[in-house]
């Protein structure tokens, strides 16, 4: 398995591009999770599997919560201001559903990463599907109107807040 984490090619001065880059990283992490599932079936909980589990945990423990908070603080209020409260509510509900789904699979990933225990992987494909569908929704229906409604000053403030929060985390 190849290493997971690479830095996005954009910075916080372009916050919507950063959100897109985060989606790319989510998708790569989800692919890693599916490759890990196949790897476990073929090779068991070897060092490669344990490393992959650590990468998945690192992403969904650290980066994914920041990404969701970015959207909840900046994108969803913009949607509401545009009269799309139902869509904003749907995104928020999906964030909560994804967090609950991750909470179900996390203990198995943790046990694999720490102790080499082979986890039950039955819920992994549903977790992956949930995230993939959510990303399609955000990329097609959420980001375009929200980004188009942002002025340069609001984008700069959004990017600055996103960066500052990560420095203090």
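Helix 15-43 and the longest principal axis of the Cα set of the chain meet at an angle near 10°. Between residue 72 and residue 141, the modelled label-to-label distance comes to 2.1 nm, taking each label 7 Å out from Cα in the direction of the beta carbon. Taking Cα extents along the principal axes in Å as the quantity of interest, determine which of (1) 47, 44, 32; (2) 51, 30, 23; (3) 38, 35, 33 was computed from the displayed structure. Read-out from the structure maps to (2). Angle between the Cα long axis of helix 124-137 and the longest principal axis of the chain, 0 to 90 degrees, nearest 10? Taking Cα atoms only, the helix is inclined about 20 degrees. Along its principal axes, the range 91-169 has C-alpha extents of 50, 30, 16 angstrom, given from the largest down. With respect to the chain, whose longest principal axis is taken over its alpha-carbon atoms, helix 47-58 is tilted by about 20°. Every helix of 4 or more DSSP H residues in the chain counts as -39500 (n - 2.57), and over all residues that averages to -23500 deg cm²/dmol at 222 nm.
Each reported figure results from applying straightforward, stated rules to the coordinates on display, with no laboratory input. Values in this document were obtained by computation on a predicted structure and should not be read as measured data. A quick note on method: Cβ atoms are made from the backbone with ideal geometry, for glycine too, and the neighbour counts reach across all protein chains shown.
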